[in-house]
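Report on one structure; see the data block that follows.
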There are 2 protein chains.
Amino acid sequence: MLSQTAIYALRAVGFIAGSDPTRPILSSHLSEQLGIPQNYLSKIMHRLVQAGFLKSKRGTRGGFVLARSASKITIKDIIVLFMNIDQFEQCFLGNVKCDGSCGMHAQWKPIMSEFKSFINKNTIDKLF
Amino acid sequence: MLSQTAIYALRAVGFIAGSDPTRPILSSHLSEQLGIPQNYLSKIMHRLVQAGFLKSKRGTRGGFVLARSASKITIKDIIVLFMNIDQFEQCFLGNVKCDGSCGMHAQWKPIMSEFKSFINKNTIDKLF
DNA sequence: CTATTATATGATTTCTTCATGATGATGTCA
DNA sequence: TGACATCATCATGAAGAAATCATATAATAG
C-alpha cells in the first residue's frame, strides 16, 4: 500500500512530531531509534526539508525540527512526496479511467474512498 | 495495492471466465486484447496452469480454459500466486505485529478488513 | 509424416526501489 | 581560528519486478 520510503518518511516525521520541539532531532538518532539505514534516511530527510515540512540545522546542537505545526501536516502531504498518488485513483484492476462498468467498481470504490479519507484527515500528530 | 503481475493474471483469468468455455483462448489473443506483453503473459499463464486454475492445450485449436468453475475461484486465490499476501496483514506503517498501540491502528484495521473480505468473497466470474 | 499452430521455458535486459559508502559543506563553540 | 559536529550530496551497488529474445516442445490437421 505504501512504499518503504513513504513508511520511513512517516515514521521519521512522526517521531519528530512526538518530541520536544525545542530540541532538534539528529538524523543519527532517528536512524537508530527507527531502524532506518542512515544514509538512506539522510536523503529522505533532505526531501522533507526541501518540501518545507522540516527545518534542518547543521553543526553542534543541529538536527531536524518541524517547520510547521504537526496538526497542519497530513499523512497524505508526506505520502505524495515519496510515491505516485495516482494509483489511489485506479479501479481494482489498475484501470485509471474506469467508468464504473467493470464488475468490481461498485465494491472497490468505497474501499478506496475510505483509504483516501484516512490519509487526508489524519495529521502527523496522531502518528505516535 | 496489487502488483502488475497480479493484475495481469486477474485480467487474463477474468477474460477467460467471460468467454465461451468450449473454445480455448489463445495466449496471443489475450495478449492483444488485454495489452499484456506476450512472452511475459505466457509465463503467467503457465503458473496459473501449474496451480490448477487453468488447463492448457497445445497445437491447433489449443489455448487455455478454466480448470474449474469460475465461481469456485476467488480473486485471492489468484493474487496469492503472484504476490506476498503478508503485506495485507501489516498495520499502517508496516508493522506486522502491531499490538494496537500505534495511533493509527483503530482506524486502519477496518479498512484492511474490508479489503481482505473483498478479495476473499469475490470470485472471478464477477471480474468482467 | 510433415507443416502448422500453439504453449513452455531458459537466458538476458531493463527499470525501479532500496541501500551503502565516501566525501563535501556548513554551523557551533572553545 | 581551529576542531568538531552535523547535515548535504555524489556515486555506486544489490535486488526484485517487468519485459524481451530466442528456442524448445507438443498436438493436430491433412
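Overview of values
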{"quantity": "Region A:75-89 residues that are in contact (Cβ under 8 Å) with a residue 24 or more places away in the chain, paired with ones that are among the hydroxyl-bearing types (Ser, Thr, Tyr) and outside any helix (DSSP H, G or I) (beta carbon under 9 Å, 6 or more apart)", "calculated": "A:ILE75/A:THR123; A:ASP77/A:THR123; A:ILE79/A:SER3; A:PHE82/A:SER3; A:MET83/A:SER3"}
{"quantity": "Residues of region B:89-108 that turn out to be under 21 Å from B:GLN4 (Cα atoms) and modelled with pLDDT of 95 or more, as a count", "calculated": "0"}
{"quantity": "Boolean, A:ILE111 is within 12 Å of chain B (Cβ to nearest Cβ) and at pLDDT 95 or above", "calculated": "yes"}
{"quantity": "Of the criteria (1) more than 18 Å from the chain's Cα centre (by Cα); (2) in contact (Cβ under 8 Å) with a residue 40 or more places away in the chain, which one B:PHE64 fails", "calculated": "(1)"}
{"quantity": "Of residues in region B:1-59 being part of a helix (DSSP H, G or I), of a type in the set (Ser, Thr, Tyr) and under 17 Å from B:ILE124 (Cβ atoms), the one farthest from the other protein chains (Cβ to nearest Cβ)", "calculated": "B:THR5"}
{"quantity": "Subset of region A:48-58 that is near DNA strand D (Cβ under 10 Å from one of its atoms) and touching a helix residue (DSSP H, G or I) at 6+ places or on another chain (Cβ under 6 Å) - its residue that is nearest to A:ALA17 (Cα to Cα)", "calculated": "A:LEU54"}
{"quantity": "Members of region A:60-101 that are away from every other protein chain (no Cβ under 14 Å), in a loop (DSSP other than H, G, I, E, B) and within 16 Å of DNA strand D (Cβ to nearest atom)", "calculated": "A:THR60, A:ARG61, A:GLY62, A:ALA67"}
{"quantity": "Residues satisfying the stated conditions in region B:32-87, i.e. surrounded by fewer than 11 Cβ atoms within 10 Å (Cβ to Cβ) and of a type in the set (Gly, Ala, Ser)", "calculated": "B:GLY35, B:GLY59"}
{"quantity": "Test set (1) loosely packed, with under 13 Cβ neighbours inside 10 Å; (2) within 13 Å of chain B (Cβ to nearest Cβ); (3) within 30 Å of B:LEU34 (Cβ to Cβ) - A:HIS105 fails condition number", "calculated": "(1)"}
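The values are calculated or read from the model by the stated rules, or taken from the named source; none is laboratory data. None of these values were measured; they are calculated from a predicted model. As a convention, Cβ positions derive from the backbone with ideal geometry for all residues, glycine included, and neighbour counts pool all protein chains shown.
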